[in-house]
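**Q** Take a look at this one; I'll ask things after.
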Amino acid sequence: MSQENKKEYISPEGIKKYPPIYPVSYPMAGAGGNTGTWRNLRPALDHDKCSKCLLCWIYCPEAVIDRDSLEIDYQYCKGCGICAEECPKKAIEMIRED
Amino acid sequence: MRTILDKGTHIVAQAVKNAKVDVVAAYPITPQTAIVEALSSMIEKGEMNCRFLPVEGEHSTMAACAAASAMGARTFTATASQGLLYMHEVLHMVAGCRFPVVMANVNRAVFAPWTLWVDHQDSLAQRDTGWIQYYCSSLQETYNTLIQAFRVAENIKLPVMVNLDGFILSHCTMSVDVLDQETVDKFLPPFQPEWKLDPQNPTAYASVTPSNEYSQFRALLAQDEQKAKEVIVRAAEEYKELTGMWDGDLLDFYRCEDAEVFVLAMGSMASELRLSIDMLRQEGIKAGVIRLRVYRPFPEESISAALPDGSTLVVLDRNYDFGMHGGILFNECKASLYDRGGKIKVLNQVMGIGGVDITYQDMAASIKALLA
């Protein structure tokens, strides 16, 4: 997923305006590390079967599915398989990683 | 200013009303119940512009207070005994999150066996949560301290617990001078935190933090616990300038000027103790009272400064320090005076457990027996 599509919430500079006593953090790609390395099963989307209902996009707990292209960001996808489970068209297959 | 005659629970509610609290979350427990009943009734009648959250238990009470405070609301709750113990986990969280929640705790001894009456075991068991703890000796002081508590909490960004003895203060009727709303507003401007939850500008808060950063937050918390001492003193002094009322700052002294024997206690028994001191003075014992008004942060420097070399400190504890000899205040006083090289004799009596009545004669007799 391209960084341009990410909504800018608050910048690391913006967070510095708070006094250091407040444990404030902000949403950003990769805040939890490269979670893609946890993956055993890789979701593969068959675009021909896909009806673009966006259920996978809604259910993805890591927000790694792009809303427009439905491309999956494998750097952060943990391979949980929720997208494949929810897909009404069975367009997502979970393939074992090598 | 007007003088009213009412019981302790209603005086607490009056102070909370005057403090213009935005959110009250609470679960009833004896002897606190009448506080939240009074607040609930005032909110229902529209006398307070405040949201009342009736929750299913004290753990949720404090969680609701944390969330309300994170939204920038001035937040209050009240509890006692088992309710306070049930909150314990969330007390740590609220202090660590730097939410300035204010809570009235009506001191009641803890289970087992079941009891309803006062001692200080419930709140002293919350010592290491990071909460500031006041102990009041009269209803006027309870009112004054609650107003000061919001000021202190919001200034240093730490939660404050205001303790009053169950039944002896909570259900006793006394006359109290209640401030005009304009005077309270002058002392207590609206709560304006530098950070609060903002849906337009979302941030996460206090999520999993790497060790180095975590230890920095905890070090700042420890530093600010110490800094709170000067904030507490300043609040008491400015309150006195505005209202003429004074209940002491970290400590409150009685007949200590020429004393050789100092008696330290807290809560309502420390008020009664003045009569014991007058009695001892008549018998030729030069005694005075050091009333501990703030237990956390512990005023070690002020206690040490009040005691000349060669003097005796008698500590009266309404609690047990299980596994140590004597009570909790006794052991904390001994630790505070360690640097004095044994030049101050420290003696201890545990009394009044589970609401056993303490008269001034009892305390005078105990002090004399310890000195003998």
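Throughout, read-outs are computed from the coordinates displayed, never taken from laboratory work. Remember, predicted model here, so these are calculated numbers, not experimental data. With ideal geometry, Cβ positions are generated from the backbone for all residues, glycine too; neighbour counts draw on all protein chains shown.
**Q** Once a ≥ b ≥ c are taken as the square roots of the eigenvalues of the Cα gyration tensor of region B:25-121, is the result rounded (a/c under 1.5), prolate (a/b larger than b/c) or oblate (a/b not larger than b/c)?
**A** oblate
**Q** Let me know the whole percent of all Cα-Cα pairs from the protein assembly as shown that are separated by more than 42 Å.
**A** 30
**Q** List the pair-distance distribution P(r) of chain B, using every Cα-Cα distance, as the percent of pairs falling in each 10 Å bin from 0 up to the bin containing the longest distance, rounded to whole percents.
**A** 5, 24, 34, 24, 10, 2, 0
**Q** Check each of the trypsin sites (Lys or Arg not before Pro) in region B:3-46 and keep only those in coil by DSSP with at most 12 other C-beta atoms within 10 angstrom; list them in order.
**A** The qualifying sites are B:K45.
**Q** Suppose each label sits 7 Å from its Cα in the direction of the beta carbon; what would the B:N212-A:I95 distance come out to in nanometres?
**A** That separation, rounded to one decimal, is 4.0 nm.
**Q** A further question follows. Region B:1-96: which GluC sites (Glu not before Pro) are DSSP loop and have at most 15 other beta-carbon atoms within 10 angstrom?
**A** In loop regions of region B:1-96 (DSSP not H, G, I, E or B), the sparsely surrounded GluC sites (Glu not before Pro) are B:E47, B:E56.
**Q** Counting helices only, and only those DSSP H runs with n ≥ 4, report the 222 nm mean residue ellipticity of the protein assembly as shown as the sum of -39,500 (n - 2.57) divided by its residues, in deg cm²/dmol to the nearest 500.
**A** -11000 deg cm²/dmol
**Q** Roughly what percent of Cα-Cα pairs across region B:261-372 reach past 24 Å?
**A** 18
**Q** In region B:338-372, what trypsin sites (Lys or Arg not before Pro) fall in a loop by DSSP, with at most 12 other Cβ atoms inside 10 Å?
**A** Those satisfying the criteria are B:K343.
**Q** Classify region B:68-208 from the C-alpha gyration tensor, please: rounded if a/c falls under 1.5, else prolate or oblate depending on whether a/b exceeds b/c.
**A** In terms of gyration-tensor shape, oblate.
**Q** Related question: Can you tell me how region B:24-80 classifies by the Cα gyration tensor, rounded, prolate or oblate, using a/c under 1.5 as the rounded cut?
**A** The shape class here is oblate.
**Q** Same structure, new question: Give me the percent of DSSP beta bridges within the protein assembly as shown that run antiparallel, rounded to the nearest 5.
**A** Beta bridges within the protein assembly as shown, antiparallel portion: roughly 35 percent.
**Q** Same structure again: Give me the distance in nm between label points sitting 7 Å out from Cα along the Cα-to-Cβ direction at A:C50 and B:F253, one decimal.
**A** About 7.8 nm separates the two model spin labels.
**Q** Within region B:12-48, name every residue whose backbone N is under 11 Å away from a label modeled 7 Å from Cα of B:Q82 along the Cβ vector.
**A** Answer for this model: B:29-30.
**Q** Using the number of other C-beta atoms within 10 angstrom as an exposure proxy, rank B:S336, B:S304, B:S170, B:S211 with the fewest first.
**A** Lowest count first: B:S211, B:S304, B:S336, B:S170.
**Q** What's the FRET efficiency of B:E238 with B:K343 using the Cβ-Cβ distance as r and R₀ = 35 Å, to the nearest 0.05?
**A** Given R0 = 35 Å and the Cβ-Cβ separation, E is 0.50.
**Q** Tell me which aspartates and glutamates have Cα within less than 13 Å of B:K343's Cα, excluding those fewer than 8 residues away on the same chain?
**A** Here the aspartates and glutamates satisfying the reach criterion relative to B:K343 are B:E260, B:D309.
**Q** Sticking with this one: Could you line up B:Y86, B:Y143 from fewest to most neighbouring Cβ atoms inside 10 Å?
**A** Placing the least packed residue first, the sequence is B:Y86, B:Y143.
**Q** Further question on the same structure: How many percent of all Cα-Cα pairs in region B:209-275 sit more than 15 Å apart?
**A** Across region B:209-275, Cα pairs with separations above 15 Å total 69 percent.
**Q** May I pose another question? Which angle between 0 and 90 degrees, to the nearest 10, do you get for helix B:8-18 versus the longest principal axis of chain B when only C-alpha atoms count?
**A** 50
**Q** Check cross-link reach from B:K157 to the lysines: straight Cα distance under 26 Å, and skip same-chain residues fewer than eight apart.
**A** By straight Cα distance, B:K157 reaches A:K16, A:K17, B:K17, B:K20, B:K186, B:K196, B:K227, B:K229, B:K240.
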